[in-house]
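Presented below is the structure to which this report refers.
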Amino acid sequence: MAKISAIQCLRTRHDGSWVIVKVFTDQDGLYGIGSASDVYQPGAIVSLIEELLAPLVIGRDAGQIEDIWQTMYTSGYWRNGSTLHTAMSGIDMALWDIKGKEAGLPVYQLLGGVVRSAVPCYAHANGSTYEQLEEEVTVYQEQGYSVIRCQLGGYGGGGFVSERQPSTIFPPANRFDEASYITAIPAMFEKLCVRFGMNLSFTHDVHEHLTPSGAVALSRQLDPYRLFFLEDLLQSEHTDWYRSVKQTSTTPQAVGELFVHPQEWLPLVKERLIDFVRMRVSKAGGITPCRKIAAVCEAFGVRTAWQEGGENDPVNQAAAAHLDMAIMSFGIQEINHFRTEEQEAFPGHAVLDGGYLKLSDKPGLGIDIDEIKAQALLRDPGSLTSYHNPYKLDRKPDGTLLRP
């Protein structure tokens, strides 16, 4: 069996936010790639891989994926952090890629084989006005999407108000008013359902902006519009409130984008308090834990909707799609769009066609990285050492921070 001989981290995209992990073996030409991207702290991910994980796994049998994952998981003693799990994911995906190449099979074949012919995805429609939103929904409907996420001016849109108490003591931020939002979003879906009918399905991302009682009220008001799901209705600190949501509302709930603990989702699934699990594969620790999550979800009638996000990379998208192709608990896949030059840097990337993702039938993940083209994506290679891109936060009208 092949042994791990070296691990390399490659930073790419225009801002250097994508971290692609390349795991080499002692067999000539045999290597795997994985995603360890984090738009907020890519340098920390690279340091963690290079300082802690790489020395730990070099020399190991590349086929011992489960044991290597468990070893990495406890390697820093303190567990369940997003940074650690992202770093682990890059190596985990690369090991599955290697195993597939050794077997001469796509990863989805190693996971049990296909249970669908392609991966249905949902699109992201957004507009600062209802008219702009309707235009985007029309475009995606014509492209073949049957499920479309609708936002009225980004996360929190419909609830943004003017700053009532101007202040110089806090950094500038959008001001979010819960009452305005709870009024605007049901009105938005009323218009969409009148315009497009009930055969086109919609989702909406609350992005945890609401108080628990406000979240319960919004979900109940959205029941008549039969959403495909309502995403991240509650802060991850307040997931117990999903009991109240389920007692009063029939709107399907999708949650988990911020989950990093391997069992954080388990009480919600066991009690059937949510309908979709939303972790990002590269934030959950890779393919190894996500196939287990999917198996548990199947037993409780909960479906997957792996999170993608506009800052994510083609390698994570491919890993998610391999899981999607092989699991019965699959619900839908969030889509991400890439520029032509970004796709060219990742030959074998998944192809989007009529609202469906299609994978190549090449062994492993089926995707590779062209290092020359990936390097050319960087706008300013010298800026990598001074990278700074914290998450942009909103505030309440009185200036109090909102999560996330």
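The values are calculated or read from the model by the stated rules, or taken from the named source; none is laboratory data. The model shown is predicted, which means the values in this text are computed figures rather than measured ones. Cβ coordinates were reconstructed from backbone atoms using ideal geometry, including for glycine residues, and neighbour counts include every protein chain displayed. Areas reflect the complete protein model, heavy atoms only, side chains present, ligands, DNA and RNA absent. Shrake-Rupley method; radii C 1.70, N 1.55, O 1.52, S 1.80 Å.
Scanning for something among the polar types (S, T, N, Q), farther than 18 Å from Gly331 by Cβ and over 23 Å from the mean Cα position of the chain (by Cα), does the range 217-237 turn up at least one residue?
yes
Here are some conditions: (1) open to solvent by 30 Å² or more (accessible area, probe 1.4 Å); (2) over 23 Å from Ala321 (Cα atoms); (3) at pLDDT 95 or above; (4) of a type outside the set (A, V, I, L, M). Glu102 meets all but one. Which one does it not meet?
Glu102 satisfies all of (1) open to solvent by 30 Å² or more (accessible area, probe 1.4 Å); (2) over 23 Å from Ala321 (Cα atoms); (3) at pLDDT 95 or above; (4) of a type outside the set (A, V, I, L, M) except (2).
So is Val23 among the β-branched types (Val, Ile, Thr) and within 25 Å of the chain's Cα centre (by Cα) or not?
yes
What residue, of Val255, Val269, Val281, is within 23 Å of Asp223 (Cβ to Cβ) and crowded, with 24+ Cβ neighbours inside 10 Å?
Checking each option against the conditions leaves just Val255.
Among the residues of the range 360-398, write down those that are in a helix (DSSP H, G or I) and of a type outside the set (A, V, I, L, M).
Glu371, Lys373, Gln375, Pro381, Gly382, Ser383, Thr385, Ser386
Of everything in the range 148-168, what is free of Cβ contacts under 8 Å to residues at least 60 places away in the same chain and among the aliphatic types (A, V, I, L, M)? Give them in sequence order.
Ile148, Leu152
For Arg164, are the conditions met, namely being in a loop (DSSP other than H, G, I, E, B), at pLDDT below 95 and surrounded by fewer than 19 Cβ atoms within 10 Å (Cβ to Cβ)?
yes
Quick one: what pairs do we get from the range 26-44, first residue farther than 21 Å from Ala320 by Cβ and touching a residue at least 24 places away in the same chain (Cβ under 8 Å), second of a type in the set (Asp, Glu) and part of a loop (DSSP other than H, G, I, E, B), C-beta under 9 Å, 6+ apart or different chains?
Ala44/Asp38
Which number in (1) over 17 Å from Gly197 (Cα atoms); (2) part of a strand (DSSP E or B) marks the one condition that Ile148 misses?
(1)
Tyr122 - would you say it is under 17 Å from the mean Cα position of the chain (by Cα), part of a loop (DSSP other than H, G, I, E, B), closer than 30 Å to Pro289 by Cβ and in contact (Cβ under 8 Å) with a residue 40 or more places away in the chain?
Answer is no for this residue.
Can you tell me how many residues within the range 331-369 are at positive phi and modelled with pLDDT of 95 or more?
4
Only one residue in Thr239, Thr203 is in contact (Cβ under 8 Å) with a residue 40 or more places away in the chain and β-branched (Val, Ile, Thr). Which one?
None of the other options fit; the residue is Thr203.
When you scan the range 347-359, do you find a residue that is part of a helix (DSSP H, G or I) and open to solvent by 10 Å² or more (accessible area, probe 1.4 Å), even just one?
No, that holds for no residue.
Out of Ser249, Ser329, Ser282, report the one residue that is of a type outside the set (Phe, Trp, Tyr), under 26 Å from Trp78 (Cβ atoms) and in contact with a helix residue (DSSP H, G or I) (Cβ under 8 Å, 6 or more places away or on another chain).
Ser282
Restricting the search to the range 191-209, which residues are in contact with a Phe, Trp or Tyr (Cβ under 7 Å, 6 or more places away or on another chain), open to solvent by 10 Å² or more (accessible area, probe 1.4 Å) and part of a helix (DSSP H, G or I)?
Scanning the range 191-209 gives Lys191, Cys193.
If you check Ser213, Ser236, which single one turns out to be out of contact with any Asp or Glu (no Cβ under 6 Å at 6 or more places or on another chain), open to solvent by 30 Å² or more (accessible area, probe 1.4 Å), over 25 Å from Glu308 (Cα atoms) and of a type outside the set (D, E, K, R)?
Going through Ser213, Ser236 in turn, the sole match is Ser213.
Which condition breaks for Pro314 when tested against (1) more than 24 Å from Phe202 (Cα to Cα); (2) open to solvent by 20 Å² or more (accessible area, probe 1.4 Å)?
(2)
Identify the residue in the range 284-299 that is among the small types (Gly, Ala, Ser) and more than 21 Å from Ile335 (Cβ to Cβ) and, among all such residues, is surrounded by the most Cβ atoms within 10 Å (Cβ to Cβ).
Among those residues, the one meeting the criterion is Gly285.
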